[in-house]
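Let me begin by presenting the structure, written as structure tokens, before commenting on it.
The values are calculated or read from the model by the stated rules, or taken from the named source; none is laboratory data. This structure is a prediction, so every number in the text was calculated from the model and none was measured. Glycine gets a Cβ as well: all are built from the backbone with ideal geometry, and neighbour counts include every protein chain shown.
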Amino acid sequence: MRQRYKNRAIKLISLGILLNVAFIVLIILRKHGIPDGVVAVGAVVLGAVGSILYVQGCVALAEAKGYTGAEVVAIIIISYCCFLPLMIFIPLVLLFGIRDKTSDK
């Protein structure tokens, strides 16, 4: 596994998860007096940026295993859209489910 891509993947996936958690917390805190406009704008920004960073982190994880981004980006986006509750498992599938092309035989 390529270390440079692995470190980038860890950073992007962690930041994406953090922003998605902040998105959920913002929606929950709406009931405690935060104006609806702030919640709407914040939810759109946090959700969009968090999702984009998460997908980029998954692509970086695939690149760390020796695949190009084009090979797995369709799989990541389809699984992200179709199986949203299982989005936390996408990096695990990439980490353990695909063969590492960079390892020596």
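Of the numbered criteria (1) within 25 Å of Leu95 (Cα to Cα); (2) modelled with pLDDT under 90, the one Ile34 fails is (1). Restricting attention to the range 81-105, the residues that are within 19 Å of Lys11 (Cα to Cα) and either in contact (Cβ under 8 Å) with a residue 24 or more places away in the chain or of a type outside the set (A, V, I, L, M, F, W, C) (or both) total 6.
Report yes if Leu26 is free of Cβ contacts under 8 Å to residues at least 40 places away in the same chain and under 13 Å from the mean Cα position of the chain (by Cα), otherwise no. No; evaluated as a whole, the condition is false for this residue.
For (1) closer than 17 Å to Tyr80 by Cα; (2) aliphatic (A, V, I, L, M), each residue gets a yes or a no:
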{"site": "Lys6", "(1), (2)": "no, no"}
{"site": "Lys11", "(1), (2)": "no, no"}
{"site": "Asn20", "(1), (2)": "yes, no"}
{"site": "Ile27", "(1), (2)": "no, yes"}
{"site": "Gly33", "(1), (2)": "no, no"}
{"site": "Leu46", "(1), (2)": "yes, yes"}
{"site": "Val49", "(1), (2)": "yes, yes"}
{"site": "Gln56", "(1), (2)": "yes, no"}
